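*Asks:* Dropping the structure in here first, questions after.
The values are calculated or read from the model by the stated rules, or taken from the named source; none is laboratory data. Given the structure is predicted, the values throughout are model-derived calculations rather than measurements. Ideal geometry is used to build each Cβ from the backbone, glycine not excepted, and the neighbour counts take in all protein chains shown.
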């Protein structure tokens, strides 16, 4: 089982730590909406890290008051990172800004006037948070406490987390409180997240003359690995050194960098090496890199393959690639486009319907992102459709069970029936019967039929007939055929024939076979043969065997 599948299985079972980890996995691939919903789920479950990350995401999107609410809960529970972010949000609210925690929000000059902001940053510093230490050192400096400022800054400098060191560099660069270069340099040299280290290398290069920037980026490419080579490739490509950029991209791509795969493919496409470009786009797209999905669709459009282009554009839209949607609008019409349009607008129920539409169109890979987003948002139909789709997938049983159970708890009648089928496969018949009964009492026709089938197996024929008849009155083929069989056992041949014929007209192979058997018992071999042949053509193996043996 791959990492994503493992995280999803655990998240579906209400493991809040897995929800947060899954959200981070999705964010790296640009799938913001689903990531945020998983953070909401983790936060609602009381996970402090989930609350903190959700607060940060909301602040980045401009919802400062929503961010403040979650960050306050985490900070008051002792989460130091939340204390830092809460202070930033409070500064932003006071300044009337819309929010972006990545730019680090202290004013360019003067003290921080908000007492609570100072309180939270001091608490974060005292709790050992490196960014909190740095921000508190800035507050101390602006309040004319140079000794305290130096002490806290030196404590922050001992940090070895590249994300924090990069963030301090960003703050220094934006607010002119210190030289950003050494902080970026420390981030590049630190152990840890290669993406953060590569980002720091790129920021560092922006501060330096070209010759020094190139030297630093080459050092980073050696020390950081694939992502560092990718950053060097982008720097070289911007300066027109395309051949050397290609070498960097290729090395990074071969080490698994999706961004490098995409960039390498773009260079190859410009050289009309379409086959090689398509291969790299596909490798990145298959692992969820949304920009590569959109680019792969463009390759298919160039060769006139609209079906394949639509396939990848739908996946790109599901992965929240902004470029893909206008292209997709030009290609699709009708119900599918309407559903996707509403889903893109953020209607979670429409996401569920869009995913169901795609699944019914045999586009399960494209359906899955929509269904997951709807399910994570709590939509019962999304949970049900996702659970059913996973139940058909090898190895998907545990996660399918979790989602179907949630859908049942959320009131989905259809999920009662789907979960009943799941339980019946596990030979947990009592649970299956209870679920079928819930669906049947709510008017679900397949639930009626499946309940009747279980009752028939227990020889409770009167009750079974009742539910078969209820479903047959709604023209359910299997119910009509099975009702006919029960009536024939009671020697009510006229009514049995009536229901067999009604079911046979729908194309039901079992009903056709049952008619053949009925006519055979009456001695009408010609009619029997006619219906056995029809049943065999409709897929009945027993009818095929009878034809072979009898005629």
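*Asks:* How many residues does the stretch 13-25 contain that are touching a residue at least 24 places away in the same chain (Cβ under 8 Å) and either surrounded by 22 or more Cβ atoms within 10 Å (Cβ to Cβ) or assigned to a helix (DSSP H, G or I) (or both)?
*Replies:* Adding up the residues that qualify gives 6.
To keep it simple, each residue is scored yes or no on (1) outside any helix (DSSP H, G or I); (2) over 17 Å from the mean Cα position of the chain (by Cα).
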site	(1), (2)
272	yes, yes
279	no, yes
291	no, no
295	no, yes
312	no, no
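*Asks:* Go through the residues of the stretch 216-225 one by one and say whether even a single one is closer than 28 Å to residue 81 by Cβ, in contact (Cβ under 8 Å) with a residue 24 or more places away in the chain and surrounded by 20 or more Cβ atoms within 10 Å (Cβ to Cβ). Working first, answer last.
*Replies:* To start, the set of residues in the stretch 216-225 that are closer than 28 Å to residue 81 by Cβ comprises 220, 223-225.
Next, from what is left, pick out any that are in contact (Cβ under 8 Å) with a residue 24 or more places away in the chain: 220, 223-225.
The next check asks that each one be surrounded by 20 or more Cβ atoms within 10 Å (Cβ to Cβ); those that pass are 220, 224.
So far as the stretch 216-225 goes, yes, one or more of its residues are closer than 28 Å to residue 81 by Cβ, in contact (Cβ under 8 Å) with a residue 24 or more places away in the chain and surrounded by 20 or more Cβ atoms within 10 Å (Cβ to Cβ).
*Asks:* Taking into account only those residues within the stretch 83-108 that are farther than 14 Å from residue 68 by Cβ, part of a loop (DSSP other than H, G, I, E, B) and out of contact with any helix residue (DSSP H, G or I) (no Cβ under 6 Å at 6 or more places or on another chain), which is modelled with the highest pLDDT?
*Replies:* 96
*Asks:* Test residue 153 against the criterion of being in a helix (DSSP H, G or I), without any contact (Cβ under 8 Å) to a residue 40 or more places away in the chain and either more than 36 Å from the chain's Cα centre (by Cα) or buried (at least 19 other Cβ atoms within 10 Å of the Cβ) (or both), and give yes or no. Before the answer, list the steps.
*Replies:* Working: in a helix (DSSP H, G or I): yes; without any contact (Cβ under 8 Å) to a residue 40 or more places away in the chain: yes; either more than 36 Å from the chain's Cα centre (by Cα) or buried (at least 19 other Cβ atoms within 10 Å of the Cβ) (or both): yes.
It is true that residue 153 is in a helix (DSSP H, G or I), without any contact (Cβ under 8 Å) to a residue 40 or more places away in the chain and either more than 36 Å from the chain's Cα centre (by Cα) or buried (at least 19 other Cβ atoms within 10 Å of the Cβ) (or both).
*Asks:* With 252, 265, 243 as the choices, which residue is in a helix (DSSP H, G or I), without any contact (Cβ under 8 Å) to a residue 24 or more places away in the chain and within 27 Å of residue 282 (Cβ to Cβ)?
*Replies:* Numbers: 252 fails: without any contact (Cβ under 8 Å) to a residue 24 or more places away in the chain; 265 fails: without any contact (Cβ under 8 Å) to a residue 24 or more places away in the chain.
Among 252, 265, 243, only 243 is in a helix (DSSP H, G or I), without any contact (Cβ under 8 Å) to a residue 24 or more places away in the chain and within 27 Å of residue 282 (Cβ to Cβ).
*Asks:* Residues of the stretch 513-530 being under 17 Å from residue 494 (Cβ atoms) and either in contact (Cβ under 8 Å) with a residue 40 or more places away in the chain or in a helix (DSSP H, G or I) (or both), which ones?
*Replies:* 514, 515, 517, 518, 519, 521, 527
*Asks:* Return yes when residue 333 is part of a loop (DSSP other than H, G, I, E, B) and more than 23 Å from residue 269 (Cβ to Cβ) and no when it is not.
*Replies:* Yes.
*Asks:* Follow-up question, since we're still on this one. Please work out which one of (1) buried (at least 19 other Cβ atoms within 10 Å of the Cβ); (2) modelled with pLDDT under 90; (3) part of a helix (DSSP H, G or I) is the condition residue 184 fails and give its number.
*Replies:* Condition (2) is where residue 184 drops out.
*Asks:* Residues that are part of a helix (DSSP H, G or I), in contact with a helix residue (DSSP H, G or I) (Cβ under 7 Å, 6 or more places away or on another chain), over 28 Å from residue 530 (Cβ atoms) and without any contact (Cβ under 8 Å) to a residue 12 or more places away in the chain: does the stretch 459-477 have at least one?
*Replies:* Checked against the condition, which is being part of a helix (DSSP H, G or I), in contact with a helix residue (DSSP H, G or I) (Cβ under 7 Å, 6 or more places away or on another chain), over 28 Å from residue 530 (Cβ atoms) and without any contact (Cβ under 8 Å) to a residue 12 or more places away in the chain, the stretch 459-477 yields at least one hit.
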